[in-house]
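Following: one structure in structure tokens, then a few remarks.
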Amino acid sequence: MERALPMRRVTPFSGPLETHSTIFDSPLVLRAMIMNAGVVKVRGWFGTEEEFVELGCRLGALERASPKDSRHLGRLFRVKSRPGDSVGVGRYWHADGFAGTSAPALITIYHVVKGTSSVSNTSFVDGYAAWSNLNNPLRALICDRWWAHASGSRHRFVVDHHKHQCPTISVNLGKISSIQGMNGVAVKRTVSRIATALDLEPRYVHRWTPGDVLLVDNRRMLHRGPDKVDRERILWRTSVIKYSI
């Protein structure tokens, strides 16, 4: 039986809020902007790997790329996509930071460092709106179920956002290894149904240009990479898992 999940009012996502790089000096203000807007865009930032990680550290504790890597740069993920990849990195709807954790990351920060082009883009959909618009049979199917990440950690398909207390879809469709109460065929069918529903959602497509930084409410927004790239693309990513202030 589908449990009652109230639909509280949240400002609909209508695209990123654009601001200047000086906002990094005001982490509390920046965090509020990210929570309110869903995606904050900064143009014209050029820095080193160390400086990029430091941007994330201003907002809180960061996810480690490897649990055993305690270095400062161990908190930097280098995401590569190449032409001809048979399995594209992130070419499915997902949030970041599910592996081996009880909850995904709070905020994710992205910066493109190589490979901007007309097909070098990242798409975002609003998890609040996606849950609200989901057809009733699919809502009932996933509402009370957990899914297992390839790392072994379990997560609910639908959770209340930690700030807004609104139900949102919380998933990494490319890393689901099992779903509570389903066999392998049913898992594949359910993942496909969710992917189709998310594909139909209004989306913001960010076409990367040099110097772009995106700061994303990772517990509200789902994203996916391009279906193909015409040259190697490298993104830096770092993710906030605990607020420091």
Problem - Odd one out for R193 among (1) crowded, with 21+ Cβ neighbours inside 10 Å; (2) at pLDDT 95 or above - result: (1)
Practice task
Would you mind finding the one in L235, L222, L215, L198 that is in a helix (DSSP H, G or I), of a type in the set (A, V, I, L, M, F, W, C), buried (at least 21 other Cβ atoms within 10 Å of the Cβ) and in contact (Cβ under 8 Å) with a residue 60 or more places away in the chain?
Solution key: L198
Exercise for the section: Answer yes if at least one residue in region 70-77 is hydroxyl-bearing (S, T, Y), farther than 28 Å from N36 by Cβ, modelled with pLDDT of 75 or more and not in a helix (DSSP H, G or I), and no otherwise. Expected result: no
Problem - Where a residue in region 171-182 is under 20 Å from L106 (Cα atoms) and its partner, wherever it lies, is hydroxyl-bearing (S, T, Y) and at pLDDT below 95, with Cβ under 7 Å and at least six apart - result: L173/Y92; G174/Y92
Practice task
Could you please let me know if Y128 is surrounded by 15 or more Cβ atoms within 10 Å (Cβ to Cβ), closer than 28 Å to I245 by Cα, modelled with pLDDT under 95 and touching a Ser or Thr at 6+ places or on another chain (Cβ under 8 Å)?
Solution key: yes
Completion exercise
Note: among T116, T108, just one is surrounded by fewer than 22 Cβ atoms within 10 Å (Cβ to Cβ), polar (S, T, N, Q) and either modelled with pLDDT of 95 or more or not in a strand (DSSP E or B) (or both), namely T116
Practice task
List the number of the failed condition for Q165; all other conditions in (1) farther than 30 Å from F46 by Cβ; (2) buried (at least 18 other Cβ atoms within 10 Å of the Cβ) hold.
Solution key: (2)
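The values are calculated or read from the model by the stated rules, or taken from the named source; none is laboratory data. These figures come from a predicted structure and were not determined experimentally. Neighbour counts run over all protein chains shown; Cβ positions are idealised from the backbone, glycine included.
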